[in-house]
1. Within the range 193-202, does at least one residue satisfy the condition of being closer than 18 Å to residue 73 by Cβ and out of contact with any Lys or Arg (no Cβ under 6 Å at 6 or more places or on another chain)?
2. Condition (residue is within 30 Å of residue 278 (Cα to Cα), crowded, with 20+ Cβ neighbours inside 10 Å and not assigned by TED's automatic domain parsing to the domain that holds residue 279) applied to the range 472-488: is it met by at least one residue?
3. What are the pairs, 6+ residues apart or on separate chains, where a residue within the range 280-301 that is more than 13 Å from residue 221 (Cβ to Cβ) has its Cβ under 9 Å from a residue that is among the hydroxyl-bearing types (Ser, Thr, Tyr) and not in a strand (DSSP E or B)?
4. Any residue that is touching a Leu at 6+ places or on another chain (Cβ under 8 Å), surrounded by 14 or more Cβ atoms within 10 Å (Cβ to Cβ), at pLDDT below 70 and within 30 Å of residue 285 (Cβ to Cβ) - is there at least one of those in the range 328-342?
5. Here is a list: 296, 253, 198. Which entry is surrounded by 14 or more Cβ atoms within 10 Å (Cβ to Cβ), of a type in the set (A, V, I, L, M), over 17 Å from the mean Cα position of the chain (by Cα) and more than 20 Å from residue 491 (Cα to Cα)?
6. Can you tell me how many residues within the range 66-108 are part of a helix (DSSP H, G or I) and at pLDDT 80 or above?
7. Looking at the range 81-99, which of its residues are under 19 Å from residue 159 (Cα atoms) and out of contact with any Phe, Trp or Tyr (no Cβ under 8 Å at 6 or more places or on another chain)?
8. Look through 228, 246, 180 and report the one residue that is surrounded by 12 or more Cβ atoms within 10 Å (Cβ to Cβ) and outside the structural domain of residue 287 (by TED's automatic domain parsing).
Amino acid sequence: MNKISKGHAEVTGNGPELAFLRHQQEALSSLAEVFLRGEDSSRLYDIVSEKVREVLKADGCLLVERASVNEDFNLFSACGLCEKSDLEATEWLENDQFTTTMETGETIVVSDYEASDRFHPPDRKCFKNYRSGMSIPIPGQEDAPRGFLAVYYSRSRIFSDDELDFLKTISNLLAGALSRDSKERALKESEARFKAILNTAVDGIITIDAYGIISMYNQAAEKMFGYRNEEVMGRNIKMLMPQPYRDEHDQYLENYHATGKKKIIGIGREVTGQRKDGSTFPLYLAVSKFYVGERLQFTGIIRDISEQRMLEQEVLRISEHERRRIGQDLHDGLGQMLTGIGLLSQGLQKKLNKEESTYAEAAAEITRLIREADQYAKNLSRGLLPVDLDSRGLVTSLERLVANAERLFGVKCTFSESNAPVFSDNAVVEHLFRIAQEGISNSVKHGMANEIRLELTANKEFASLRVIDDGKGFSEHWEKEKGSGIDIMRFRAQLISANLDVENLDGGGAMLSCIIPRAGVMYRIGNDDE
């Protein structure tokens with residue numbers, strides 16, 4: 001056995017030596033091309049092993065990488081030895097020759113294993129006939145070998161310096177390839193973990209670029225929207241939105257890029273999505289931004305809250321039903337009783353007047369109080385039953401709401417409608433009335449408005465209810481400072497698959513908008529019976 005790094009053997013005669021060097025240069029040149037063209041690693045290492053065997057006329061060639069310090073090994077090639085599947089177990093790698101090479105980073109050359117008192121071939125059937133061999137480290141980081149390259153012969157032999165130099169050159173080439181493959185494997189493993197997390201997430205996850213083009217779309221999003229991944233990749237995110245948000249989305253992105261003003265980024269909120277079949281559904285959306293290099297990206301985490309909304313609608317429906325029952329009881333029960341008592345009191349008053357009784361004045365006061373109580377009960381019942389449930393119930397109630405606002409608040413309040421929608425669900429009418437009522441109240445109390453406009457319009461894609469005032473508008477941090485009024489209005493809007501937004505107007509004042517997509521709530525316009 002010889003342990004060398006240089007100058008171990010001589011090659012006699014120029015002819016064989018020059019032939020070997022020429023063959024070596026040709027092999028290195030062809031291998032360089034293989035490395036440069038990025039050959040698939042599953043094939044690359046077998047090509048290298050075969051070329052080493054060919055140049056060195058070796059019987060077997062072994063290429064092994066240590067996965068990481070003190071961890072398992074990766075067997076990349078066992079050319080001329082046996083099938084790699086026969087070498088899956090790694091116990092045979094606990095061989096003194098391999099261990100010494102990996103621990104010391106030295107090249108180990110054994111001219112005759114039978115004469116060696118330390119080094120022997122691995123204890124495997126496919127190695128038992130080998131008489132000589134050499135193992136050379138593959139350079140790694142911080143002087144720790146990444147792996148080793150070994151060649152074997154069935155006869156004893158002396159290894160030349162040129163052969164050693166050739167193997168060292170090959171090991172250096174392999175060091176670069178193994179480093180590249182290690183990084184690629186780590187990247188693939190990271191991508192695999194990311195995809196596993198992405199596709200097992202309960203919430204939908206969608207990533208878009210600065211122009212709204214979808215670049216990531218997980219399986220939960222597929223289930224929510226009904227579109228397969230390949231149907232949305234490379235398309236604009238607005239395809240998942242109903243009108244009018246579909247048309248407004250590009251403008252929102254442009255405004256954000258121009259001004260940096262964000263309406264939803266970093267702030268979770270409830271919006272409306274549109275499925276492939278055209279139906280809409282409520283969802284909770286949280287958007288964040290990040291950069292890939294210098295490219296701006298946005299990621300949205302989406303949760304379908306349809307079931308939550310259905311439960312809330314049912315709770316509110318029961319509440320509204322109870323409120324209506326109380327209002328009806330006030331009108332039909334207490335109101336009629338008070339009316340009857342008032343008539344009796346009025347009759348008693350007339351009788352006492354005829355008798356010139358001293359109690360006639362007291363009876364007149366009782367009659368007056370009963371009338372006031374009756375009127376108060378009627379006003380209460382009207383507040384609990386504000387909407388006339390006929391074909392123009394919403395319009396009629398909004399007209400009455402505007403008239404009452406002028407009288408109660410002392411402001412100019414007007415109402416206009418264009419193609420007023422007629423809703424098939426009375427609960428929608430009820431919620432829209434309450435939103436308008438709260439919106440007008442906010443304009444007066446918080447906006448200090450002197451003039452308020454209430455507008456109701458509709459087309460074949462969406463209906464809108466807007467409260468526009470000339471007040472002081474919303475403060476810069478109104479989202480943090482807002483009271484419960486806005487939240488209640490938004491809640492009511494969400495229950496009817498609508499979205500509610502508020503904004504300051506350029507000329508002063510503010511506008512509250514409630515947008516109701518027709519895909520989510522059925523309504524007709526005039527004589528349109530769709």
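1. No, there is no match, as no residue in the range 193-202 is closer than 18 Å to residue 73 by Cβ and out of contact with any Lys or Arg (no Cβ under 6 Å at 6 or more places or on another chain).
2. no
3. Listed by first residue and then by second, the contacts come to 280/497; 282/306; 282/497.
4. First pass over the range 328-342, keeping only residues touching a Leu at 6+ places or on another chain (Cβ under 8 Å): 328, 330-331.
Subset that is surrounded by 14 or more Cβ atoms within 10 Å (Cβ to Cβ): 328, 330-331.
Now restrict to residues that are at pLDDT below 70: 328, 330-331.
Of the ones still in play, those that are also within 30 Å of residue 285 (Cβ to Cβ) are none.
For the range 328-342, residues touching a Leu at 6+ places or on another chain (Cβ under 8 Å), surrounded by 14 or more Cβ atoms within 10 Å (Cβ to Cβ), at pLDDT below 70 and within 30 Å of residue 285 (Cβ to Cβ): absent.
5. Matching residue, one of 296, 253, 198: 253.
6. At the first step, the residues of the range 66-108 found to be part of a helix (DSSP H, G or I) are 84-87, 91-93, 96-104.
From the residues that got through so far, the ones that are at pLDDT 80 or above too are 93, 96-104.
Looking only at that region, the number is 10.
7. The answer is none; no residue qualifies.
8. On inspection, the qualifying residue turns out to be 180.
The values are calculated or read from the model by the stated rules, or taken from the named source; none is laboratory data. The model shown is predicted, which means the values in this text are computed figures rather than measured ones. A quick note on method: Cβ atoms are made from the backbone with ideal geometry, for glycine too, and the neighbour counts reach across all protein chains shown.
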